[in-house]
Every structure is written in C-alpha cells, then in structure tokens.
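Single-structure report; data block below.
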Amino acid sequence: MDTSIKTTCCYCGVGCGIIVNKDKRGNIQVQGDPDHPVNRGMLCSKGMNLHYTVMDTSDRLLYPEMRYHRSMPRQRVSWDQALERTAAVFGSIIKKYGPEAVAFYASGQCLTEEYYVVNKLIKGYIGSNNIDTNSRLCMSSAVAAYKMALGEDSVPGNYDDIAAADCIFVAGANPAWCHPILWRRVEAARAANPALKIIVSDPRVTQTCAMADIHLQINPGTDITLHHAIGRAIIMQGYTNQAFICLHTNGYEAYRKKVMERTVEEAALICGVNAADIYTTARYIGEANGFMSCWTMGLNQSVVGVSKNLSLINLHLITGHIGKPGSGPFSLTGQPNAMGGREVGGLSNLLPAHRVLNNEAHREEVAAFWGVNSISPKPGLTATEMFEALEDGRLKAIWIMCTNPLVSLPDARQAEAALRKAKYVVVQEISNKPETLEYADVVLPAAAWTEKEGTMTNAERRISYLARITDAPGEALPDAEIICRFAQKMGYTGFDYTNNEEIYKEHTRLTSGTNTDISGLNYSIIQEHRSIQWPYRNGKGTSRLFTDHQFYTSDKKAMIHAVADENNSVPVSPEFPLILTTGRIRDQWHTMSKTGKVNKLKQHIREAFLEIHPEDAVERGIRHGDIVEVLSVTGNVRVKAALTDSIKQGVVFLPMHWGKILQQDLHRANNLTSRLLDPISKQPDFKYNAVTVRKY
Ligand code: SF4
C-alpha cells in the first residue's frame, strides 16, 4: 500500500515541510506539505527534486573502508574493524600528544541529535573542545552580534512578521534565489500591501532586486558605512524612538557620536550610492510601523562580519523596531540546522543550551549533567584554525562529518595540503563524490535524508521532525549511531542510547531553565504540532521574543554598539585590482554532492562562470564566453567569462559550488579566497578578495 510520511527539507534554513509519498515498490515522490506553517505546500526547485537524490544511490558509500597507509588503496572492512582501529589510533594520539591533537569537523546539515552526541563525546569525554562545523563559515558573525546586542544568540522574530512589515531591508543577501520559499512570502506581502517598501543592498543586481523600491548597489565592504549613514539620517530626520532608547538600550550616545563623524554625502561617496537613496531609506524605516531587516552571507562572511551585523541591528534599536509584529533583525540561516547545532553547543566555543565555554558555572553544570569530572576551559580550534593546525602538525587527526571542506573552506588548496599532512583522516559521508575522500584513512558510510530520524531547527527557531522513511543502502548507518558506536569502542559510557529520541530527550533536559528551554518537548509533541518554536513553555512554543523589551543582558537592556567604520579585508592593489565576491546560484546547494545528481537542476546553470562588468572586460580584451584566469595571492581559477552590467564595475563574482572536475580544481572559487577571519566570530572573509583577471 502507498504511504505518505511528513518530514522536513534537508537543504536550506527556511525549513519547508515535505510529504514523502512512497509506493509499494519503495519508489518515492515528494510534495510540499500544505499544513506546514513555513511553506504551506510550496517547495523550491531544490526541494521539489529531492526524491531524485534519494532514489539515485549510484554514488552512495555502502560499506566502511580503511587503509593502513596512504600509498595503499582502501579496502572494505566491517564496522567493528573500522571503528576499533579508529578508536585505537585516536587513543594513541591522545595518549602521546594530548586530547587537543584530535578534532571533529561537522556540518550545519547534521541533525540536532548528531550534533549533540559528537559535542558530548569530544567536550565531555575526550577532553578537548576541538569541534567546529561549517556553520562557522555561515552564521557565526550573526551569532556573535546577537549575543553582543541582545544578550544571547536569539532570532527575535518569525516568518509571519514579513506579512506585517511595511519596510523590509535585505542586506547582502539574495533570498529570491537562496531562500526562495521565504521570498514567496515577501512577494505575497507586496501583493497584499503595495505600499510595502523593499530596500536591497548588494554590489550585484540580483533577482531579489527586481522587487526593490531602492537598490543600494554598494561597493563591497562598505556595509558599516552604509548602515551608519542610514542611522545618521534616521537621527537627523527625527525618526528615533527616544522612549525605547531610554528605557531599553545602552550605548546610544556613543553610537550617535560615531555616526555623526561622517556626513551622509561622504558615506554615499564611499559606498558608491546616491545620498538621496540613503535619506529615503531612513525615511522608509522611520515611517514604518513594522521594519524588518534580513541578511545572510553578505554581512556574515566578512573580516568585520560582527560589526556589520551590529551596525544593522542598531537601526532596530534606535527606532524600537524589535519585539513587535512586523519588526526585528532577522538573520536568514543558510543551512537547515545551523541553529539546532548552536542549541546543543556544537561549536568550539559553546556548550549546550547556549551556555558558553568561558563561564565556569556553565562548564560545571554540563560536566555534572554528563557525569564527567570537568570540561576544559580552553576554546577549541575553529574551522579554518583546524586546517592550519593540521598543516603545522599541532593537530594529528581529524574526523570530517557531513561536509566537504575541500570545496567550502577558504584557501582550499591550503586545506588540501593540511589533509595531506594529517596523520589520520576519518570521513563520514553519504556520497563517493567529495574531494576529502582522496585523503581518508577511514571512510564511514552514513545514512542520508529519509534514512534516519531526528530534528532540525530553522531560521525562525522552529524545531521540525524528520522521519525515517527509507532504508539506508548497504551498511550505511545514521550519523549519531556511528558516533555512539565509536564512543563505546573508546570505552566511554554514556553513549548507550537505543534510539535518537533518547538523545533528544537528554538534550531537552539540559535546556531546563535556560532561555532556550524545551525541556517539556519530545518527538510526539513536535509531530502533533508539525513544528514548535523555542522556547517551549507551558505547552506552547514562542513565536516572538522580547515582546516585553526585556533582553537577555544583565540589566535587561539591549546594547547599541558604536562599531568602528572599517573594512580590514586584503585591499585591492595594482597587481590585484578587482574585488572578488562569491556566492550561490539558484538550483545548486553547497558543494553539489546532492543537487549535482539531479539533471533538472543542472538546466538552470551548467558550469562555473565569472561575472564581470563589460568595461572591466573590454579593458582586458575579454569577450563573453572567453576562458579567463582569475588570480589572487592564494591561487587561480579558470572559467568562462559572463559579461554583465548587473555587477558593479571593479567587482567580479564566482559561484562557490564547484570543486574538482576530472582531478582539476580550476573551477573552485575557494582557490582564491583568503583565510582572514573576523576577530570575534572567526568567520572567514569570503566576500572580499583582491584578484586580477586575464584572458586565458
Ligand atoms: Fe528546501 Fe529551502 Fe527550498 Fe524550502 S526553500 S524547499 S527548505 S531548499
């Protein structure tokens, strides 16, 4: 008999509900879940084609593999052999070099339960904090800014706010392509309210700009200048909410002084936009009853990413547009469960339930809960730091789980050199495609979407359940089970869960009494309500935070930070005169190990390309379709040129999805990106790299 099972899309942080229809032969089809509050039946091109990624198992890893030496081919082994040897190698490295010589590098696509067990394993039992995830590349600047401004990593609003807003500022993001179902809501809001004002800041004219009343086509790296100028114009035009500032914030006077340092006209020149558009933006924000801002990587992936975030959040704090319908600073999550990972503390500086490593009381609470003596206070290595430590020998072994760092990390050739030098590399993966496999001493086949159960949290704090619907091929196992089996081989107690819900319940107990409290939650409740927004108290989720304007700081006031107006990226030079920015295309996801299997999704854009302004191209004798070489201090890329005046002169754009093709890495955008980091969030600077371009 045919069955229909409800689950959640495994791609982006929008978190759409999906119904999987399975026939008696095991074939599946997907459709949007009309009852899901996020997507109300809609799916984007990626979600709509998810069944192809499940049905096509031709690339799946089926059995554990192992090799004793890099010069030897890997051979099929049993799970026991793979995990026993890995436990022995990890054990001997830890004994000889200490627990900080091993690390786990995971993913914002892991389920919450998977994050929880791997975090518990390394922090509670191995005794190091060397766990980080690719969320470091995605959300960490937003996380740090929320903490600094609001007291905790807490997205205040929800998707329903879009319909209630009358001004939406999209900063450095292209949700029309990257968060399509969310963008459908903006389109619906505009249809219902033609007076809704939409402002977009982006150096490129993207699909998102098609609906913009104002497109602030800024020069890359000038976001803080722009936000400060809007702040100044808000102040000058009398649109501040002085009562809110007085009662609920600190730091306004220093902020006012800071934004008055530069006139709107001076700022406009630096940003490369019209001053009049800045004044109009300020007026739209000032006159709005509901003002929302949405942003993603354009602000986060920067060497000043935290300051960019804070300068945008400030616009809410000086106008009081937070904690009420239609208002709030809303960071759009890139990955499906980056937020769930933070909830369980799955980054090198965090502990479960938004506790932090540098707080002794938090460490003691978690250690007592896990029944271990202590948790090390020393922050672990972050994503790029792990690969630097592998290269210089401080780190000996790395376990890579559900991510493809040789395409996604900045300065990817350095990451490759690091894996070459590593003493021991474990790759836990679903596909035989990722470039990391070349360096793997042990390969552990993992179960994919529909083959395991668990939970994820989307961008609006909404926890959704994912059902196990199909069997994993071969001997592939759910990621949490792999980690727990390994922990047991290491001789650790505390990992004898019989199912994922036991892990989930343990995680929920740790949230008791915290701002993310979901201690009353379980799988049945989530399934019954289809999804729940945290915190979950008195039998109810919470759609909006800070409605009482009491923030999570010690005096309950939000902090307006007078951040420096600076950009510390590698500057352009006569040798590297253009600014490279990188990003996504509509129909591909990350490094394409899933979407790359779907022919329909290739029809949109088939190959990597370099967007370049016609005047920059003419200067270099480049015509549309020519092969060009792009060079930076770190490496080179060769792709076809796509001439377009939708990109600002002096700026070029490369999509980030492509890795090696036929052993050649010449389409890999991250050959060119630098390892410069934001000093607070440790998020890399993917959006601003000095390059040169020449006809090849
Ligand atoms: Fe999946 Fe995101 Fe598309 Fe929704 S918008 S179907 S979550 S990829």
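Among the listed pairs K396/K682; K123/K540; K120/K556; K46/K660, give every one whose C-alpha distance is greater than 25 Å. Display every interim value, and only then the final one.
Working: K396/K682 22 Å; K123/K540 32 Å; K120/K556 31 Å; K46/K660 22 Å.
Violating the 25 Å limit, Cα to Cα: K123/K540; K120/K556.
Just want the answer: with Cβ charges of +1 for Lys and Arg and -1 for Asp and Glu, which residue in Q550, I198, L332 is farthest toward the dipole's positive end in the chain?
Positive-end residue among those listed: L332.
Per residue of the chain, what 222 nm ellipticity follows from adding -39500 (n - 2.57) for every DSSP H run with n ≥ 4, rounded to the nearest 500?
Numbers: 25 runs with 218 residues, N = 696.
It comes out at -8500 deg cm²/dmol, rounded to the nearest 500.
Please list, in chain and number order, the residues 5+ apart from W399 or on another chain whose amide H is under 5 Å from its amide H, with Hs placed from the backbone.
So W399 has HN proximity to A103, F104, Y105, V426.
Along region 158-170, what does the Karplus equation 6.51 cos²θ - 1.76 cosθ + 1.60 (θ = phi - 60°) give for ³J(HN,Hα), rounded to whole Hz, x for Gly and Pro?
With the stated coefficients, region 158-170 comes to 7, 5, 4, 4, 4, 5, 9, 7, 10, 8, 10, 10, 9 Hz.
³J(HN,Hα) across region 375-384 via Karplus (A = 6.51, B = -1.76, C = 1.60, θ = phi - 60°), whole Hz, x for Gly/Pro?
Coupling constants for region 375-384: 10, 4, x, 6, x, x, 6, 8, 3, 5 Hz.
Treat every Asp and Glu Cβ in the chain as -1 and every Lys and Arg Cβ as +1, leave all other atoms uncharged, and give the resulting dipole magnitude about the Cα centre to the nearest 20 debye. Could you put the intermediate results ahead of the total?
Details: 75 positive and 72 negative charges, 139 e Å.
Result for the chain is approximately 660 debye, rounded to the nearest 20.
Under a straight-distance cross-link criterion of Cα-Cα below 18 Å, which lysines are reachable from K452, leaving out those fewer than 8 residues away in the same chain?
K6, K22, K505, K594
Do you know the relative contact order of region 1-47, to the nearest whole percent, from alpha carbon pairs under 8 angstrom that are 6+ apart?
On the way: 87 pairs, mean separation 14.7, N = 47.
Relative contact order of region 1-47: 31 percent.
5 Å is the cut-off here: which amide hydrogens, built 1.01 Å from N in the peptide plane, fall below it relative to G345, excluding neighbours closer than 5 in sequence?
Answer set, sorted by chain and number: A353, H354.
What are the ³J(HN,Hα) values, in whole Hz, obtained from phi via the Karplus relation 6.51 cos²θ - 1.76 cosθ + 1.60 with θ = phi - 60°, for each residue of region 602-616 in sequence order, with x given for Gly and Pro?
Per residue, the Karplus-derived 3J(HN,Hα) values read 7, 5, 5, 9, 8, 9, 5, 8, 10, 6, 9, 5, x, 5, 5 Hz.
In a shell of Cβ-Cβ distance under 10 Å around W658, excluding W658 itself, what net charge do Lys and Arg (+1) and Asp and Glu (-1) give?
Numbers: positive: K660, R668; negative: E607, D665.
Summing Lys/Arg as +1 and Asp/Glu as -1 gives 0.
Select from N671, V651, A641 the residue farthest towards the positive end of the dipole of region 624-689; place +1 on Cβ of Lys and Arg, -1 on Cβ of Asp and Glu, and compute about the Cα centre.
N671
Let me check I have the definition right: for region 140-332, take the eigenvalues of the Cα gyration tensor, multiply each by 5, take square roots. What are those semi-axes in whole Å, largest first? It would help to have the intermediate numbers written out before the result.
Values: eigenvalues 95, 72, 58 Å².
One finds semi-axes of 22, 19, 17 Å for region 140-332.
Would you grab the residues whose amide H sits under 5 Å from the one on V639? Only those 5+ places off in sequence or on another chain, please, with H modelled 1.01 Å from N.
V628, V630
Around K648, under 11 Å between beta carbons, what's the net of Lys plus Arg minus Asp minus Glu among the other residues? Please list the in-between numbers first.
On the way: positive: R204; negative: D202, E611, E615, D616, D645.
Local charge sum for K648: -4.
Here, each number is a calculation from the coordinates, and none is a lab measurement. Quick caveat, the model's predicted, so the values are computed rather than measured. With ideal geometry, Cβ positions are generated from the backbone for all residues, glycine too; neighbour counts draw on all protein chains shown.
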